[in-house]
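The values are calculated or read from the model by the stated rules, or taken from the named source; none is laboratory data. Note that this is a predicted model, so its numbers are computed, not measured. Here the Cβ is made from the backbone with ideal geometry for all residues, glycine too, and neighbour counts use every protein chain on show. Ligands, DNA and RNA are excluded from the accessible area calculation, which covers all protein heavy atoms including side chains. Shrake-Rupley method; radii C 1.70, N 1.55, O 1.52, S 1.80 Å.
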Amino acid sequence: MILIFGGSFDPVHRGHVETARAAQRAVAATRLVWLPTSRSPLKDRSRSTPAQREAMLRLMLAANAGDAGWSLDLGELHAPPPAYTIDSLRRWRAEVGPQQPLGFLMGRDSLQGLMQWRHWQALTDVAHLVIASRPGHAVALPESLQNWLENRQISRPELLQSRPFGHVLLLDTPPWPVSSTDLRSALTDQRPTRDWLEPAIRDYIDQHGLYRSPENPAAS
Ligand code: ATP
């Protein structure tokens with residue numbers, strides 16, 4: 001099974017890495033593909049360029065070279081925005097053929113906003129959805145989303161291997177209470193980020209003067 005992890009990764013942090021690792025293990029995925037988006041159509045507040053986010057993801061991959069099967073898909077990053085997950089998943093489906101199980105990994109907060117995604121109901125026509133825990137995001141889902149989910153939900157990860165797409169799995173991954181937003185603000189205030197950012201990524205951020213100015217709340 002191939003697990004695809006999409007996000008803005010602005011910057012990529014320990015919550016992403018540990019969650020991806022736990023999810024890959026839980027669903028026994030042989031490959032984990034990091035899919036940075038050029039700019040989320042839902043949040044227009046990117047603080048670094050696509051090339052800088054690519055560089056930070058490459059530093060993350062180098063630091064975690066022991067993790068088998070990790071790779072980078074730059075298909076969205078260098079395409080003109082907006083980029084949509086459904087298009088990337090269809091591209092992957094076309095590439096791997098109809099039988100290969102594909103999973104798309106997201107945190108619980110992303111699931112909450114799923115109904116705003118382009119063609120969200122078609123996502124499970126192409127891939128499984130694998131949902132990781134995220135501290136502070138355990139609130140109830142909209143009823144129609146909850147119903148949609150229950151029709152697809154499975155509780156045993158191994159069932160994902162039995163079909164190429166169509167299931168939703170909610171995982172109980174260990175909590176990593178960190179977000180890129182928290183980190184951008186810590187970096188603006190020049191607070192330590194040791195526990196959450198790979199040292200090589202922190203060095204890159206400092207060298208390039210990223211995230212120095214405060215976030216524009218209007219763009220959040
Ligand atoms: P921001 O604070 O800018 O919104 P973020 O930290 O949420 O960023 P994204 O790049 O937007 O990071 O997230 C990509 C994916 O990773 C999303 O599906 C998100 O739910 C998930 N994710 C991010 N941080 C965590 C975390 N600490 N634990 C679990 N999942 C996470």
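Would you confirm whether any residue within the stretch 161-174 is closer than 20 Å to Met60 by Cβ, surrounded by fewer than 16 Cβ atoms within 10 Å (Cβ to Cβ) and modelled with pLDDT under 95?
Yes, there is a match, as at least one residue in the stretch 161-174 is closer than 20 Å to Met60 by Cβ, surrounded by fewer than 16 Cβ atoms within 10 Å (Cβ to Cβ) and modelled with pLDDT under 95.
Find the residue count for the stretch 7-45, including only residues that are at pLDDT below 95, open to solvent by 20 Å² or more (accessible area, probe 1.4 Å) and not basic (Lys, Arg).
Of the residues in that region, 5 qualify.
Can you tell me which of (1) over 18 Å from the mean Cα position of the chain (by Cα); (2) on the phi < 0 side of the Ramachandran plot is the one Ser133 doesn't meet?
(1)
Being among the small types (Gly, Ala, Ser), open to solvent by 10 Å² or more (accessible area, probe 1.4 Å) and modelled with pLDDT of 95 or more is the filter here, so list the residues in the stretch 83-109 that pass it. Spell out the reasoning first.
Step one: list which residues in the stretch 83-109 are among the small types (Gly, Ala, Ser), which gives 83, 88, 94, 97, 103, 107.
Still in the running and open to solvent by 10 Å² or more (accessible area, probe 1.4 Å): 83, 94, 97, 107.
Residues satisfying the conditions are Ala94, Gly97, Gly107.
Under 6 Å between Cβ atoms, at least 6 apart or on separate chains: pull out the pairs that start in the stretch 51-72 with a residue that is at positive phi and end on any residue that is of a type in the set (S, T, N, Q) and at pLDDT 95 or above.
That search, which allows pairs on different chains as well, returns Gly69/Thr30.
For the stretch 12-29, what are the residues that are near the ligand (Cβ under 9 Å from one of its atoms), more than 15 Å from Phe104 (Cβ to Cβ) and not aliphatic (A, V, I, L, M)?
Selection gives His13, Arg14, Gly15, Glu18.
Which of the residues belonging to the stretch 118-144 are within 16 Å of the ligand (Cβ to nearest atom), free of Cβ contacts under 8 Å to residues at least 40 places away in the same chain and either out of contact with any Asp or Glu (no Cβ under 6 Å at 6 or more places or on another chain) or farther than 17 Å from Ala23 by Cβ (or both)?
If the condition is that a residue be within 16 Å of the ligand (Cβ to nearest atom), free of Cβ contacts under 8 Å to residues at least 40 places away in the same chain and either out of contact with any Asp or Glu (no Cβ under 6 Å at 6 or more places or on another chain) or farther than 17 Å from Ala23 by Cβ (or both), then Trp120, Leu123, Ala138, Val139, Leu141 are the ones that fit.
Restricting the stretch 80-92 to residues that are more than 16 Å from the ligand (Cβ to nearest atom) and under 18 Å from the mean Cα position of the chain (by Cα), which is nearest to Val33 (Cα to Cα)?
Of the residues in the stretch 80-92, the ones more than 16 Å from the ligand (Cβ to nearest atom) are 80, 87, 90-92.
Next, only the ones that are under 18 Å from the mean Cα position of the chain (by Cα) stay: 87, 90-92.
Values: Asp87: 15, Arg90: 15, Arg91: 13, Trp92: 11 Å.
If we take residues in the stretch 80-92 being more than 16 Å from the ligand (Cβ to nearest atom) and under 18 Å from the mean Cα position of the chain (by Cα), then Trp92 is nearest to Val33 (Cα to Cα).
Restricting attention to the stretch 115-135, which residues are over 19 Å from Val27 (Cβ atoms) and in contact with a helix residue (DSSP H, G or I) (Cβ under 8 Å, 6 or more places away or on another chain)?
Met115, Trp117, Arg118, His119, Trp120, Gln121, Ala122 - these are the residues of the stretch 115-135 that are over 19 Å from Val27 (Cβ atoms) and in contact with a helix residue (DSSP H, G or I) (Cβ under 8 Å, 6 or more places away or on another chain).
Looking for whichever is within 19 Å of Val12 (Cα to Cα) and acidic (Asp, Glu) here; the options are Asp125, Asp172, Asp109. Which one fits? Quick ask: steps written out before the conclusion?
Details: Asp125 fails: within 19 Å of Val12 (Cα to Cα); Asp172 fails: within 19 Å of Val12 (Cα to Cα).
On inspection, the qualifying residue turns out to be Asp109.
Condition first: in contact with a strand residue (DSSP E or B) (Cβ under 7 Å, 6 or more places away or on another chain) and either within 14 Å of the ligand (Cβ to nearest atom) or not in a loop (DSSP other than H, G, I, E, B) (or both). Now tell me which residues in the stretch 150-195 satisfy that. Outline the logic, then answer.
So in the stretch 150-195, the residues in contact with a strand residue (DSSP E or B) (Cβ under 7 Å, 6 or more places away or on another chain) come out as 152-154, 157, 160, 164-171, 173.
Gln153, Ile154, Pro157, Leu160, Val168, Leu169, Leu170, Leu171, Thr173 - these are the residues of the stretch 150-195 that are in contact with a strand residue (DSSP E or B) (Cβ under 7 Å, 6 or more places away or on another chain) and either within 14 Å of the ligand (Cβ to nearest atom) or not in a loop (DSSP other than H, G, I, E, B) (or both).
Pairs, please: C-beta under 6 Å, at least 6 apart or cross-chain, first residue touching a residue at least 12 places away in the same chain (Cβ under 8 Å) and in the stretch 159-170, second of a type in the set (Gly, Ala, Ser)?
Close Cβ pairs (under 6 Å, with a partner that is of a type in the set (Gly, Ala, Ser)) amount to Phe165/Ala127.
Condition test on Arg152, is it modelled with pLDDT of 95 or more, basic (Lys, Arg), over 24 Å from Gly136 (Cβ atoms) and touching a Ser or Thr at 6+ places or on another chain (Cβ under 8 Å)? Explain how you work it out, then say what you get.
Working: modelled with pLDDT of 95 or more: yes; basic (Lys, Arg): yes; over 24 Å from Gly136 (Cβ atoms): yes; touching a Ser or Thr at 6+ places or on another chain (Cβ under 8 Å): yes.
Here the answer is yes, as Arg152 does meet what is asked.
Anything in the stretch 81-95 that is of a type outside the set (D, E, K, R) and in contact (Cβ under 8 Å) with a residue 12 or more places away in the chain? List them, or say none. Before you say what the answer is, go through the steps one by one.
Quick first cut of the stretch 81-95, residues of a type outside the set (D, E, K, R) only: 81-86, 88-89, 92, 94.
Matches in the stretch 81-95: Pro81, Pro82, Ala83, Tyr84, Thr85, Ile86, Ser88, Leu89, Trp92.
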